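No value in this document is a laboratory result; all are computed from the given coordinates. Please read all numbers here as calculations on a predicted model, not as lab measurements. Note that we place each Cβ from the backbone using ideal geometry, even for glycine, and neighbour counts take in every protein chain shown.
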Amino acid sequence: MQKRVTFLLCLLMAACSSTNNSRYALKQDIAPDRVPTEQEMIDPIPKHLTPSRGGNKDYRVLGKDYQVMQSADGFVERGIASWYGRKFHGHLTSNGEIYDMFAMTAAHKNLPLPTYVEVVNLDNGRKAIVRVNDRGPFHPGRIIDLSYSAATKLGVTQSGTANVEIRALATQAGGFITLEQADDRTKLEQAAVAFNLLYQLPTQIRQTADNYQLLVGPFSQEQELQQKIEQFQNSGYPAKRYIEQ
């Protein structure tokens with residue numbers, strides 16, 4: 001009986017020791033067992049968001065103090081991007097969400113949570129839109145940690161890091177323009193490619209309950225939004241303001 005009690009006690013002590021060492025099961029971050037699907041690498045549509053209750057206060061990590069920005073309007077930054085994967089997958093982000101390495105998200109030290117940013121890989125020209133919902137990276141010189149899906153889309157997973165420019169898409173309600181609607185997504189995809197070449201503006205396709213919509217934007221400035229609506233209408237497009245709910 002004494003041996004059994006001793007054995008059970010050892011098991012309990014080992015379990016407690018393992019739990020206290022780290023909240024993460026993996027000591028080193030690693031890639032998942034599969035690559036992201038095309039669906040998992042679709043850019044999210046930026047929309048106006050109120051700040052999260054969590055993750056928007058000044059904080060301290062590894063003895064260094066960090067200040068959270070009050071607004072992301074006009075924010076542009078260049079530096080090194082990295083990515084994070086299985087070690088953090090399924091754990092809470094700084095604003096209380098569950099980290100999904102296959103979602104188009106990212107971590108940043110100072111931006112308000114959440115904030116949509118466009119990331120441009122300056123090494124290969126690839127672009128992606130991500131939703132910042134976490135804090136980090138806390139390595140010197142790195143400015144953003146990408147989810148595995150975002151890093152794959154940008155071509156960062158093989159090299160591990162990349163030189164990037166990030167630009168906040170601090171949109172307001174009504175920051176998009178609806179250009180066309182169709183029942184066939186393929187038609188709008190072809191129109192989106194042509195529109196990108198013609199106007200050099202970001203386009204996105206949104207599925208509604210009835211059809212697909214071709215959106216242009218986001219536009220963070222009301223004046224620019226109105227100018228573009230008038231320009232498209234004068235060119236024969238049924239352009240109108242779109243309010244993301």
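With the simple model of a label 7 Å out from the Cα in the direction of the Cβ, VAL76 to HIS139 spans 2.7 nm. Projected onto their three principal axes, the Cα atoms of the chain cover extents of 88, 39, 34 Å, largest first. Helix 222-234 and the long axis of the chain differ in direction by around 50°, with both axes built from C-alpha atoms. Beyond 22 Å, how much of the Cα-Cα pair distribution for the range 102-245 remains, as a whole percent? The proportion of pairs with Cα distances above 22 Å equals 47 percent.
In terms of the mean number of neighbouring beta-carbon atoms within 10 Å, the peptides 31-42, 99-110 order highest first as 99-110, 31-42.
Across the chain, Cα pairs under 8 Å and at least six residues apart give a relative contact order of 19 percent. Per-peptide packing, taken as the mean over residues of other Cβ atoms within 10 Å, places 59-69, 141-151 in the sequence 141-151, 59-69 from highest down. Counting only Cβ charges, +1 for Lys and Arg and -1 for Asp and Glu, the dipole size of the chain around its Cα centre is about 1160 debye. May I ask for the angle, rounded to the nearest 10°, between helix 2-21 and the longest principal axis of the chain, with both axes built from Cα atoms and the value confined to 0 to 90°? So the inclination is approximately 30 degrees.
Summarising the label geometry, the points placed 7 Å from Cα in the beta-carbon direction at VAL61 and GLU230 lie 4.5 nm from one another.
Per-residue ellipticity at 222 nm, computed for the chain from helices alone with -39500 (n - 2.57) per DSSP H run of at least four residues, works out to -7000 deg cm²/dmol.
If you only keep lysine pairs separated by 8 or more in sequence, or across chains, how many in the range 39-168 come under 30 Å at the Cα atoms? Eligible lysine pairs with Cα atoms under 30 Å apart amount to 16. Note the angle between two axes, namely the Cα long axis of helix 185-199 and the longest principal axis of the Cα atoms of the chain, as a number of degrees from 0 to 90, rounded to the nearest 10. It works out to around 70 degrees. Taken along its three principal axes, the alpha carbon spread of the range 176-242 comes to 32, 25, 20 Å, from the longest extent down to the shortest. The range 180-245 and the range 47-73 have Cα centres separated by 32 Å.
Annotation: peptides 192-202, 207-217, ranked by per-residue average of other Cβ atoms within 10 Å with the highest first, follow the order 207-217, 192-202. Ranking GLY217, ASN56, TYR199 by Cα position along the charge dipole of the chain, where only Lys, Arg, Asp and Glu carry charges on their C-beta atoms, puts ASN56 farthest toward the positive end. If a/c stays under 1.5 just call it rounded; otherwise compare a/b with b/c (prolate if a/b is bigger, oblate if not). Do that for the range 39-168, with a ≥ b ≥ c from the square roots of the Cα gyration tensor eigenvalues. Judged from the Cα gyration tensor, the range 39-168 comes out rounded (a/c under 1.5). With each label modelled as a point 7 angstrom along the Cα→C-beta vector, the ARG185-VAL35 pair spans 2.0 nm.
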